[in-house]
Amino acid sequence: MGHGMADPTSGALQHRDSRTESANHRDDRPGISVIVMCDGMAEMLETTLHSVLAQNVPASVEILISDTGGTPEFAEQVRALKQFPWFRDLRGLDNETEPAAIAGQTSGDRLLFLRSGDILLPGALRQMSGFMDRYGFDAVIGASGRMTMSGSMDIDAGTEIQFGLPVENTISFPRGSAARVDRYLTNTSHGQVKLFRRNMLQQSHVDLRVGILHDYVCERETTRTLPEQVVLPRTHLQKATKETASTQTPGQSSDRKSIWLFAERGGNSAEENGWIFFNYCVENAHHADCYYVLNAGAKRPNCGAQLASRIVTKGSPEWSILVEQASHLFFNDAAADILASNDDVGRYEDKKYVYLTHGALAFSPGVYQRNHRYFDLITCASQEDIRIASPHWGYDVSTFRVTGLARWDRLTEFAPDKKEVLLSLTWRKTLNTKSWSDNAPLDAESIAHFKSSPYYHAIVRLLRSERLHQILRDAGLRLNIALHFRVRPLFAEALGDNSDIFRVINDDSDEENLQDLLKNAALLITDYSSVMWDMAHMNKPVILYQFDKLEMMRERGLAQFAQREPDLAFDLCFTQAEVIDMIERAVANGFQVDPSRQEHLKRFLPYRDTDNCKRILKAVEEASDPSIKYRHFGDAREAIFDDPPLDTACIDREINGKFVCAVVSDYLAHCLPGTITRLHPDSWEETLRASPPDTFLVEPNLDGRSPWAEIFFDLDATAAFLRKARQHCAETGTRLIVIDTPCHPGHIELPQDVDRIAIGFRHTATEPAVDISVIIPVFNSAEFLEDCLNSIIDQKLDGTFEIIAIDDGSTDNSLEILKRYAREHTFIRVFRQPNARQGIARNHGIHVAAGHFVTFLDADDRLAPDALANLYHTALVFDADVSVGLLGSHILKSGAVYVNQSCHHYMRSPEILDGNSWRPMLQDSSATAKLIRRKFLIDNSICFSGSYHEDAIFTSLLYSDAARISVCKKIVYVYVGRDTISGTKTFDTAKLKQILLVGSFILDVMGEKALPKETIHFKMEQFLRTYDRFLFKFSQRGASGDSRSTDPSVSDLFVDNGIAATLQRFLKHLPDQLILTYATHFGAALLLLKHGRGDLARALLEGDNRDGLAFLEQENLAQVSDFSPGSMSYKKRNTFNYYQPCRVKIVDQDEMARQWGTQADTGTALSSDWKEESFRFQVGDKIITAIQSPGKHTLTLPITLYRLYKKTQNNRREKR
């Protein structure tokens, strides 16, 4: 270190000093004094200093240096070091110096002794200090090792204390021996590193409690000069050490850069995703310094000087420093690609671990990833990859990002001559012997084991085929064989004298790597390898030769074959003959991929461009700083909207200055200018005759509190009213205008000569700007609102979302909370409206939302972690209009969250469904826990009512309009049970009348849509149970002393003109047997009311059941014996069984052969050896297809394979 040299840690220590100074005002964390004894080895001082200054500890650090040799080199270094604030010179210090004298010259509360040439491992100082604090030790001794040329370390054990003793990891020294012990602790010649408290050195009579740390904390150089391959590259080291204390987030503006490390395949390769993404980041990640990690013996890539200078050797001092300072690690196998081992992840929990998947995952996601639980981000090829890998690996879908694979950016430049075919098959674990797995030379036993395997024989049979030889020669093709490098020589004898058509690829060649082979290939033959997707990315044909599928199923499990055969995007073969047929067909077609296959591949390869690295970098930046994707939203303070919600400009000119009568909702009346006279259903005709207005406005609306509700919740009554209104207006010369708002879903045929004007919401979004809009209706929810909003803000999503909060006339401080959050977050918009119930607020939110999808959240509930990611992913995978998740109930007293009983049927539902194909869907009447395509709602006029049971109208319309619905079987919505009074806990006549109107309205709408009668009855069963339960709860109010004097009894409701008439209108659409079966409490009374005998129903409920039962028997509606005495419960009542099990038919293999007869793909009869060849593998595929086909179906299996399947399932259960 010469004169004028820049401080290698200038950015680090100076920054750390400023942080420490302010930190010392916050707590009393001690400083650390590091004492370096040169002992004549001043030339190795720089290495030691770098390792010390790379330590990331919260305390301030000072370094004290002493050299008893007094060499000229040391004097020169001292002069250069004096300019830095962390340096102090301790001339004259040696191993015999009294400990108290040493302590007197230091300022730190803790002292660490090193020798020149010692290299502290990353995190060593933090580890030792934390060990001391955790157990209250006075001193800590750590193990030192000697770093050899290969990077391995051997313990240099102390002469007085042997590591591993005592068991409790502590040593207690007796009184009177403190001076001797102190000298031992400060002596640096024992190959151990000691950290101790400063006050211990000043007390020679204390009992010391010393902790033994069995981990390596230091490496020791064995020579005075660093070997060439570990010499510190000065320029990059200076850049790296500047970042020691940096906490800068990528994407933020700062002069400091983060350190990013890249590697792949255990540090042995530089040609795959890790290397290619590293190349991209060097040029484009301007906020990061990027370095690539390779093992000492790994082959170096051919690259320019800029990239070569950024390649570091694992185990070198520079690697140690960079690992300590790095913020992000990128790899395609595991963290051990970069770190010394995967166990070191626990030492670096503050880093971001980015897994660059090796290949596409949709067909075979792999098994080892489930054992690595530290991935912060996983990049992959498609949503289908996420669907398969997420449950198999145990990672939430929010951890994944669909970016494409980095190496695919280089697959666009390929040879056009199409004269090569590539054979590349994956390895089998069953082929491993000890010599295989240990990379030892092949012995005779291993060779014999391999040559006896089906793997070897399947390949040899193919390569020896005269028919294949002829096809290759006729087409002028060469078959390149790229198999496991250890066994390639064993295939030489199988090739014979066919070098003109066969070539075995040499792995040691610099001329071609696998990517080059794929680029030059016109056709790929593989089995389960992910390189199939590289070929598909280049739009080239692939043949899957799965000659041992059942064996692979046994080896890797059914989960490794996640795609059903009909979903495969490639030609699938099981025999040699089938493969050769496919090759011949590909040659005849000019190696063109069938257009239908190309369309199917879009599901697995949504991106076929050269922007994969660009997307990966964007995903990393957004994961590090989510605010990046919302910066274009502008100033959040402009996102508060107080103007009237409905845009009435189109009718303002029609009513200004005129006498106007109106039948409109309170919501619309609030938005209209001027004065209007609102009419009542009992007197509207007299009013129009007495004082004819200039204009008569009519808004068919679903306001449950309106006196017009009975008319507008009945489509026939609405049409009759409009015809009568048209007649009155024609007689008086009044202009009739019917107003359509986004709050009424029914289609109403208007009389002739009636004007119709449509009005919408102000600020209606025209084009989507984000992926998801979360809509929250808010009414006096201040107590719970922050928890609700935070549950959305904390969502992790590979996309963008916004929050649309509709304040529904709150009178508490809910609006102030919303405004505060909107000022703090650019993706929150707040709209105000007069109180109009939750349904209308949601309608408002749907129309102003800017998301492709919308979801609804009540202000006193919250989203589950990763809810948006799970729902969004499921919607994209299945291209669904609606993605349904599970509703979870949270009990405040216990804190538990469990699947709400209303969602139990989804646990065994198909993954994709609709209300007609899977009617249990109709059981779900909640609008929450769903992600819905906004365009689908707008195009189909799906909306909420302004009444109780608003969700029932919305979901019934949703399921009736042929929506494509996907199911996410995870809790996405948390309903928080509270001890407050809400609409769901209210049981009075006003609510009963509204929910009865809702049921009748849904009957009308479903009838208009011409849905199957069974579907309508199924939905009505649900309403019938709801009404029956409501009546029961209503009846219990009196029994519990909770009734009010003005409330009628439940029996009176059956003769009340309003309630009874509405209920009878609903019941007349239902079969008699359905009423008896599903109305648990009031079946007999409801059946009597349906047939016009409300008086008998009331008498029956009051205890006089003779006349009622007699009427039922007389009309052949039921028998007295069908009812339980006393309770009047129908004995044959039933409930729907959600679970429809799969039926399995067991047959023998001969019958199976007769059923299938021929092979559909080739059109030829089954071969004579079908039991050993193609047939049994096709059976295996049909097992997979049937098992993964959801819903009710029949699976026909050969009995032997069925037993195999059951055995596999039982083994899995036992392991769990």
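Per-structure values
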quantity	calculated
Packing-based ranking, highest mean first, of 271-281, 808-818 given that Cβ atoms within 10 Å are counted	271-281, 808-818
Prolate/oblate/rounded call for the stretch 578-671, Cα gyration tensor, a/c under 1.5 rounded	oblate
Distant-in-sequence amide H partners of residue 828 (H built 1.01 Å from N, under 5 Å)	803
Proximal charge balance of residue 748 [Cβ under 13 Å; K/R count +1, D/E count -1]	-4
Sorted by Cβ neighbour density within 10 Å, fewest at the top, the residues 1122, 753, 879	753, 879, 1122
Gain on full stretching of the segment that runs from residue 396 to residue 1106 - 0.36 nm per residue minus C-alpha separation	249.4 nm
Long-range amide H partners of residue 755 with built H, under 5 Å	736, 738
FRET E, pair residue 309, residue 670, Förster distance 60 Å, beta-carbon r, rounded to 0.05	0.30
Karplus 3J(HN,Hα) series, Hz, for the stretch 342-357 with 6.51 cos²θ - 1.76 cosθ + 1.60 (x for Gly, Pro)	5, 5, 6, 4, x, 7, 10, 6, 7, 8, 9, 9, 10, 9, 8, 4
Integer Hz, Karplus 6.51/-1.76/1.60 couplings in order for the stretch 649-658, x for Gly and Pro	4, 6, 10, 4, 5, 7, 10, 4, x, 10
Protection proxy ranking of 343-352, 967-976, 850-859 - average other beta-carbon atoms within 10 Å, highest first	850-859, 967-976, 343-352
Tensor-based shape of the stretch 646-761 (alpha-carbon gyration tensor, a/c under 1.5 rounded, otherwise prolate or oblate)	rounded
Most to least packed among 309-315, 839-845, 426-432 [average Cβ atoms within 10 Å]	839-845, 309-315, 426-432
Exposure proxy ranking, count of Cβ atoms within 10 Å, fewest first, for 917, 424	917, 424
Residues of the stretch 664-700 with amide N under 13 Å of a point placed 7 Å along Cα→Cβ from residue 643	none
Long-range amide H partners of residue 772 with built H, under 5 Å	800, 801, 802, 852, 853
Full-extension gain in nm, residue 1073 to residue 349, via 0.36 nm per residue minus C-alpha separation	254.2 nm
Extended-chain gain in nm, criterion 0.36 nm per residue less alpha-carbon gap, residue 445 and residue 811	123.3 nm
Cα gyration tensor category, rounded, prolate or oblate, for the stretch 327-468 with a/c compared to 1.5	oblate
Label point distance in nm, residue 430-residue 470, each placed 7 Å from Cα along Cα→Cβ	3.3
Inter-label distance, nm, simple model (7 Å from Cα along the C-beta direction), residue 786/residue 598	5.7
Integer Hz, Karplus 6.51/-1.76/1.60 couplings in order for the stretch 534-540, x for Gly and Pro	4, 5, 4, 4, 8, 6, 10
Of 724/993; 194/257; 351/614; 991/1068; 352/549, those spanning more than 27 Å from alpha-carbon to alpha-carbon	194/257; 352/549
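Every read-out reported here was derived from the displayed coordinates using simple, explicitly stated rules and does not represent laboratory data. Every value quoted in this text rests on a predicted model; they were computed, and no experiment measured them. Because the Cβ atoms are built from the backbone with ideal geometry, glycine has one as well, and the counts that use them run over all protein chains shown.
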